[in-house]
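The values are calculated or read from the model by the stated rules, or taken from the named source; none is laboratory data. It should be emphasised that the depicted structure is a prediction, and the values quoted were computed from it without experimental measurement. Heads up, the Cβs are rebuilt from the backbone with ideal geometry, glycines too, and the neighbour counts pull from every protein chain shown. Surface accessibility is based on the protein's heavy atoms, side chains included, excluding ligands, DNA and RNA. Shrake-Rupley method; radii C 1.70, N 1.55, O 1.52, S 1.80 Å.
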Amino acid sequence: MKIDLSILVAGVLLRYCEEGMMDNVSGKWALVTGASSGFGVEFATLLAERNANLVLVARRREPMEKLAEKLQQKRRVNVVVEGMDLAVSGAGAELKSRLDSRGLTIDVLVNNAGYGLYGSFVDQPLQKTLDMLQLNMLGVTELTHVFANDMRQRRTGHILLIASLLGYQATPGYAAYAASKAYVLLFGEALHAELKPYGIGVTVLSPGPSATSFGAVAGQNDTSVLRMLMMKSGPVARSGILGMLGRRASVVPGILNKLIVFWNRLTPRSMQHAVMQRVLGA
Ligand SMILES: NC(=O)c1ccc[n+]([C@@H]2O[C@H](COP(=O)([O-])OP(=O)(O)OC[C@H]3O[C@@H](n4cnc5c(N)ncnc54)[C@H](OP(=O)(O)O)[C@@H]3O)[C@@H](O)[C@H]2O)c1
């Protein structure tokens, strides 16, 4: 019983110290893309718990308006909803000018909107793949450029980019999606170093399989290994927000996902492809 109590106290102290080392976003404006479902809802909720005001962006307005109402009532933060297709070239600049005209300055950018396409690359209509790459890579690049420029002038800010565990290795069945997330991973880790001298923290979150609409949107069947690896969206988003506020370069949530990344360092790439093919049932 004595030991249990000391573990409890140590846990509380650790959490207290951890929180003490985090940057404060209270009263600042955070922009969360893909805030109509999945991780986006969790990111918005976690930021509102830290008293950040929010700009929510995705194509479907209705779920974001419901979320906005809930967070405004529960957390007393300001929430702005922008219905927008971020896969359209120039969307980042358009969003920035909409926010400028409202007098909103973004201190936290959570670049989360994205999706996957599962299946044989040559069987997918090319345009579907190009649209996905536009959102996952070019849209993310454009938003980051627009808002990082602004943050650099103010010498402060945070950017969270959502890559994927699949960004760590070529993945048959997710050839273009995994490659797009490898781009996000390398882009974000490089920006972490480039923007650090300007007071901007850039963090890449690389989730493994997680319980959101991702699988259904991608057309991915559940496999037993995927079910075993599956994490809830809340803890994944939490590790991303803590990583960002602690100014870490890269975060892989979950012990099994961390082991996979470690295993990748020790094994030949050909073996990694074969294992991923098994895991996904491709
Ligand atoms: N869940 C996983 O297993 C997993 C693993 C690794 C990485 N990820 C990444 O996590 C991020 C979030 O995905 P999720 O898992 O939360 O899936 P989700 O529940 O399907 O959410 C995807 C979000 O992206 C938005 N979105 C899609 N296309 C858009 C567009 N053209 N313009 C604006 N918004 C768009 C969707 O909103 P609308 O449809 O309303 O536009 C939605 O809010 C993605 O980048 C994904 O690649 C997910």
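Residues in segment 68-112 that are outside any loop (DSSP other than H, G, I, E, B), open to solvent by 30 Å² or more (accessible area, probe 1.4 Å) and either in contact (Cβ under 8 Å) with a residue 60 or more places away in the chain or acidic (Asp, Glu) (or both): Glu69, Glu94, Asp100. For Gly116, the conditions (1) touching a residue at least 60 places away in the same chain (Cβ under 8 Å); (2) open to solvent by 60 Å² or more (accessible area, probe 1.4 Å) all hold with the exception of (2). Only one of these is under 29 Å from Asn24 (Cβ atoms) and hydrophobic (A, V, I, L, M, F, W, C): Leu229, Leu259, Leu185, Leu266. Name it. Result: Leu185 is the single residue among Leu229, Leu259, Leu185, Leu266 that is under 29 Å from Asn24 (Cβ atoms) and hydrophobic (A, V, I, L, M, F, W, C).
If you scan segment 190-215, which residues turn out to be over 10 Å from His158 (Cα atoms) and of a type in the set (Ser, Thr, Tyr)? Tyr198, Ser206, Ser210, Thr212, Ser213 - these are the residues of segment 190-215 that are over 10 Å from His158 (Cα atoms) and of a type in the set (Ser, Thr, Tyr). Residues that are assigned to a helix (DSSP H, G or I) and within 16 Å of Val108 (Cα to Cα) within segment 240-266 comprise Gly240, Ile241, Leu242, Gly243, Met244, Leu245, listed in sequence order. Let me spell it out: the conditions are (1) under 16 Å from Ala30 (Cα atoms); (2) part of a helix (DSSP H, G or I); (3) within 16 Å of the ligand (Cβ to nearest atom); (4) of a type outside the set (Asp, Glu), and Asn149 meets all of them except one. Which number is the exception? Looking at each condition in turn, Asn149 falls short on (3). No other residue among Val204, Val146, Val184 is in contact (Cβ under 8 Å) with a residue 12 or more places away in the chain and either in contact with a Phe, Trp or Tyr (Cβ under 9 Å, 6 or more places away or on another chain) or among the hydroxyl-bearing types (Ser, Thr, Tyr) (or both) apart from Val204.
Residue-wise test of (1) away from the ligand (no atom under 14 Å from the Cβ); (2) open to solvent by 50 Å² or more (accessible area, probe 1.4 Å); (3) within 24 Å of Thr141 (Cβ to Cβ).
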| position | (1), (2), (3) |
| --- | --- |
| Ala176 | no, no, yes |
| Glu189 | yes, yes, yes |
| Glu194 | yes, yes, yes |
| Leu229 | no, no, no |
| Phe262 | yes, yes, no |
| Arg265 | yes, yes, no |
